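Chemist: Can you keep this structure in mind? I'll have questions shortly.
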Amino acid sequence: MSLGLTLVMLAFVVRLLQVQAVDASAYAAKADKNRSFTQTITAERGEITDRAGTALATSVDAYNIVADPQMFTPASSKAPDAPEQAAALLAPIIGVDASTIVKKLKTPKSRYTMLATRQTPQVWNQIKDLKGVLAQKAGKDEAAGGKGVNVLAGVLQEPSTKRVYPNGDLAAGIVGYVNAAGHGGGGVESMFDKELAGEDGQLMYTQSGGRRVPTASSREKPAVPGSDIELTIDRDIQWAAQQAISEQVDTSKADRGYVVVQNTRTGEVLAMANAPGFDPNDLSDADSAALGNAALQDAYEPGSTAKVMSMAAVIEQKAATPTTHVVVPNTLHRGDRVFHDDIDHPTWNLTLNGVLAKSSNIGTILATGQLGKTQKQANQVLYSYLNKFGIGRPTGLGFPGETQGILAKPQKWSTSQQYTIPFGQGLSLNAMQAASVYSTVANGGVRVAPTLIRGTKGPDGRFTPAPAPKKSRVVSEKTAKTVSTMLESVVGDVEGTGTAGKIPGYRIAGKTGTANRVDPALGVYKGYTASFAGFAPADDPQITVYCAIQNPVSGPYFGGSICGPIYKKVMEFALKTLQVAPTGSKPPKLPVTFKPGE
């Protein structure tokens, strides 16, 4: 054997030994890496339920559509245009633009790409059936000596879940929605996103030809399901409130409206309805302005429903009693302004109770002027009560986007605000704050912070109640009872503005409001805010209902006319649903007017 041939054979033997003994493990590791696949195990998102456990948001089985880009290279797929062919087939099924799919499939250095998330089982079945047809055709082509191309061989699925809302738009403003990334995009879904989401797991395994190798080892990190969130909402009362406000907003051609129903004793919110609303199952046609919770996010001037706070301050400070005489002229000059009531009238001889019953702005100005020796002192006293009632402060719900309203410090009140704030103009609040004011009076003068969450149920099934709400005394029990009786005059007296809120068999305390409205787009007064607030039964308060409608343009715009019937309808439904017994006593009769010389 020649020396040259001997050297060639020696080199061959050395290389063979290197491959077998030295590089074998490296090549094997590289092969394993190329075949390894990591699959995300999506944690089941917790449910959001009403107080009875009825699901308002839940999750159903779904699939993420994924792909292995290396299987779309010409060498693997046997087709130079495999990404384009696959994209043309997949685009109409998964609803993703074909060019986007092509771009994702042309990443050969990756073994994993996400094509579409949270697709229904029907979508995956379509893809699976199509893959079967292509595989069958590829087999026939190979048998005939062809290439046997299946451009969808590298398309796979991952088990996932899809968020659904069984009741459609019911309580959507409270519940919120899940965004495209799978996170809470608003409402309780956003507030408790971490608790609801749980913790995803992982499954690491080996695959070959787009299929899992059953004999290969695998490792799994189990997913941890999310917690369930139980709301204080009563689904049936929520439905009644939503129906009532939606119908009136449509009839009045108004911008929007809200209804809040609250348990006066516990602070629990039983309903919070907005119109217009949205269906979180399909946000494609939703108005972006309606995606939040307007009952908490809109700040507006309440008008005469705020007079209850002024009356409570006057009585608590012993500046007057319900029978105190208040002579109310047709106009009143204060500072640089001339003030009027809603209607022209001769001089009225009203009691303080009559000022509230007839909703006199002038009478309210005169009454609150007695809160201090000077107007400055009176402003400071009134401000302290408004603040204790919760105006200009967070409600306590911690809801995303919630406004705390506007209540300037008294030293910053303009000349006109010194006299308009007592009757509900020159300050702003949200609908929940307005409802809470009446619940405070109903609850004997103690404000209980509103609550939307009853508790959470963890993956182990254990229920954890929400922390007890904060309580604070605003006025004495005696004052609250006196104001409650005055509110009964608003509804029960023939001269009251709230007679539309009467409910046969029950004693009703309520107040109307019709405020000049600041147009949020123009920043000027334009249109009205109509409202009605109250509680029942007045002799044993259990339920508060508050209604407001923004900018009604068709038909009447007075609070008593368009919100009074809503109040009655929702309150009647709530009383029956909660099985509150009819009132067994008659309300005390407080005088509305007085005769001069009496």
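The values are calculated or read from the model by the stated rules, or taken from the named source; none is laboratory data. Just so you know, these numbers come straight off a predicted model, no measurement behind them. Cβ coordinates were reconstructed from backbone atoms using ideal geometry, including for glycine residues, and neighbour counts include every protein chain displayed. Quick note on the areas: whole protein, heavy atoms, side chains included, nothing else; ligands and nucleic acids left out. Shrake-Rupley method; radii C 1.70, N 1.55, O 1.52, S 1.80 Å.
Chemist: Does region 66-83 hold any residues that are outside any loop (DSSP other than H, G, I, E, B) and surrounded by fewer than 20 Cβ atoms within 10 Å (Cβ to Cβ), and which are they?
Modeler: Within region 66-83, the first condition is being outside any loop (DSSP other than H, G, I, E, B), and the residues that meet it are 66-67, 69-72, 74-77, 82-83.
Within region 66-83, 69, 70, 74, 75, 76 qualify.
Chemist: Being out of contact with any strand residue (DSSP E or B) (no Cβ under 7 Å at 6 or more places or on another chain), surrounded by fewer than 24 Cβ atoms within 10 Å (Cβ to Cβ) and part of a helix (DSSP H, G or I) is true for just one of 556, 565. Which residue is that? Talk me through it step by step, then tell me what you get.
Modeler: Values: 556 fails: part of a helix (DSSP H, G or I).
Answer to the check: 565.
Chemist: Restricting the search to region 182-201, which residues are surrounded by 21 or more Cβ atoms within 10 Å (Cβ to Cβ) and assigned to a strand (DSSP E or B)?
Modeler: Going residue by residue through region 182-201, those that are surrounded by 21 or more Cβ atoms within 10 Å (Cβ to Cβ) are 184, 186-189, 196-197.
Within region 182-201, 184, 186 meet the criteria.
Chemist: Assuming residue 451 fulfils every condition listed in (1) within 18 Å of the chain's Cα centre (by Cα); (2) open to solvent by less than 20 Å² (accessible area, probe 1.4 Å); (3) over 10 Å from residue 264 (Cα atoms) apart from one, which condition is it?
Modeler: Residue 451 satisfies all of (1) within 18 Å of the chain's Cα centre (by Cα); (2) open to solvent by less than 20 Å² (accessible area, probe 1.4 Å); (3) over 10 Å from residue 264 (Cα atoms) except (2).
Chemist: Conditions first: (1) touching a His at 6+ places or on another chain (Cβ under 8 Å); (2) within 30 Å of residue 273 (Cα to Cα); (3) among the hydroxyl-bearing types (Ser, Thr, Tyr). Residue 351 passes all but one, so which condition is the exception?
Modeler: With respect to (1) touching a His at 6+ places or on another chain (Cβ under 8 Å); (2) within 30 Å of residue 273 (Cα to Cα); (3) among the hydroxyl-bearing types (Ser, Thr, Tyr), residue 351 is out only on (2).
Chemist: On to the next question. Across region 518-545, what is the number of residues that are in contact with an Asp or Glu (Cβ under 6 Å, 6 or more places away or on another chain) and either surrounded by fewer than 23 Cβ atoms within 10 Å (Cβ to Cβ) or within 18 Å of residue 563 (Cβ to Cβ) (or both)? Lay out the reasoning, then the answer.
Modeler: Here is the first cut: in region 518-545, the ones in contact with an Asp or Glu (Cβ under 6 Å, 6 or more places away or on another chain) are 526, 538.
From the residues that got through so far, the ones that are either surrounded by fewer than 23 Cβ atoms within 10 Å (Cβ to Cβ) or within 18 Å of residue 563 (Cβ to Cβ) (or both) too are 526.
Count: 1.
Chemist: Does region 527-550 contain at least one residue that is assigned to a strand (DSSP E or B) and charged (D, E, K, R)? Give the steps one after another, and end with the answer.
Modeler: Taking region 527-550 and keeping what is assigned to a strand (DSSP E or B), we get 527-536, 543-550.
Among the residues that remain, those that are also charged (D, E, K, R) are: none.
No, the conditions are met nowhere in region 527-550.
Chemist: Determine whether residue 67 is in contact with a Ser or Thr (Cβ under 7 Å, 6 or more places away or on another chain), farther than 30 Å from residue 231 by Cα and small (Gly, Ala, Ser). Outline the logic, then answer.
Modeler: Details: in contact with a Ser or Thr (Cβ under 7 Å, 6 or more places away or on another chain): yes; farther than 30 Å from residue 231 by Cα: yes; small (Gly, Ala, Ser): yes.
Taking the combined requirement at face value, the residue satisfies it.
Chemist: Based on what the data block shows, is residue 169 under 24 Å from the mean Cα position of the chain (by Cα) and without any contact (Cβ under 8 Å) to a residue 24 or more places away in the chain? Give the derivation first.
Modeler: Details: under 24 Å from the mean Cα position of the chain (by Cα): yes; without any contact (Cβ under 8 Å) to a residue 24 or more places away in the chain: no.
So residue 169 fails the test.
Chemist: Quickly run through region 454-467 and pick out the residues that are in a strand (DSSP E or B) and open to solvent by 30 Å² or more (accessible area, probe 1.4 Å).
Modeler: We begin by selecting, within region 454-467, every residue in a strand (DSSP E or B); these are 454-457, 463-465.
Those that are in a strand (DSSP E or B) and open to solvent by 30 Å² or more (accessible area, probe 1.4 Å): 454, 456, 457, 463, 464, 465.
Chemist: Of all residues in region 369-414, which are more than 22 Å from residue 434 (Cβ to Cβ), polar (S, T, N, Q) and open to solvent by 60 Å² or more (accessible area, probe 1.4 Å)?
Modeler: Within region 369-414, 370, 374, 377, 380, 411 meet the criteria.
Chemist: Could I ask something else about it? Just for region 499-517: of the residues that are out of contact with any Pro (no Cβ under 9 Å at 6 or more places or on another chain) and in a strand (DSSP E or B), which one is most open to solvent (accessible area, probe 1.4 Å)?
Modeler: 516
Chemist: Say we look at region 267-302 and pick out the residues that are hydroxyl-bearing (Ser, Thr, Tyr) and under 18 Å from residue 401 (Cβ atoms); which of these is most open to solvent (accessible area, probe 1.4 Å)? Steps first, answer last, please.
Modeler: Start the filter on region 267-302 by keeping residues that are hydroxyl-bearing (Ser, Thr, Tyr), which leaves 284, 288, 300.
Next, only the ones that are under 18 Å from residue 401 (Cβ atoms) stay: 288, 300.
Values: 288: 97, 300: 16 Å².
Top of the filtered list is 288.
Chemist: Same structure again: Given the condition in a helix (DSSP H, G or I), among the aliphatic types (A, V, I, L, M), without any contact (Cβ under 8 Å) to a residue 40 or more places away in the chain and open to solvent by 50 Å² or more (accessible area, probe 1.4 Å), answer yes or no: does some residue in region 101-120 qualify?
Modeler: no
Quick grid of which residues meet (1) assigned to a loop (DSSP other than H, G, I, E, B); (2) touching a strand residue (DSSP E or B) at 6+ places or on another chain (Cβ under 6 Å); (3) open to solvent by 10 Å² or more (accessible area, probe 1.4 Å); (4) modelled with pLDDT under 95:
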{"site": "438", "(1), (2), (3), (4)": "no, yes, no, no"}
{"site": "444", "(1), (2), (3), (4)": "yes, no, yes, no"}
{"site": "469", "(1), (2), (3), (4)": "yes, yes, yes, no"}
{"site": "472", "(1), (2), (3), (4)": "no, yes, yes, no"}
{"site": "482", "(1), (2), (3), (4)": "no, no, yes, no"}
{"site": "488", "(1), (2), (3), (4)": "no, yes, yes, yes"}
{"site": "491", "(1), (2), (3), (4)": "no, yes, no, yes"}
{"site": "497", "(1), (2), (3), (4)": "yes, yes, yes, yes"}
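Chemist: Now, a different point. Just the residues that are open to solvent by 10 Å² or more (accessible area, probe 1.4 Å), outside any loop (DSSP other than H, G, I, E, B) and of a type in the set (D, E, K, R), please, taken from region 127-181.
Modeler: Passing the criteria: 128, 129, 131, 137, 140, 141, 142, 162, 163.
Chemist: List every residue pair whose Cβ atoms lie under 6 Å apart, where the two residues are 6 or more positions apart in sequence or sit on different chains, the first residue falls within region 574-592 and is open to solvent by 30 Å² or more (accessible area, probe 1.4 Å), and the second residue, located anywhere, is in a helix (DSSP H, G or I) and of a type in the set (S, T, N, Q).
Modeler: Listed by first residue and then by second, the contacts come to 588/485; 590/353; 590/489.
Chemist: Quick one: how many residues across region 303-330 are open to solvent by less than 10 Å² (accessible area, probe 1.4 Å) and among the β-branched types (Val, Ile, Thr)?
Modeler: 4
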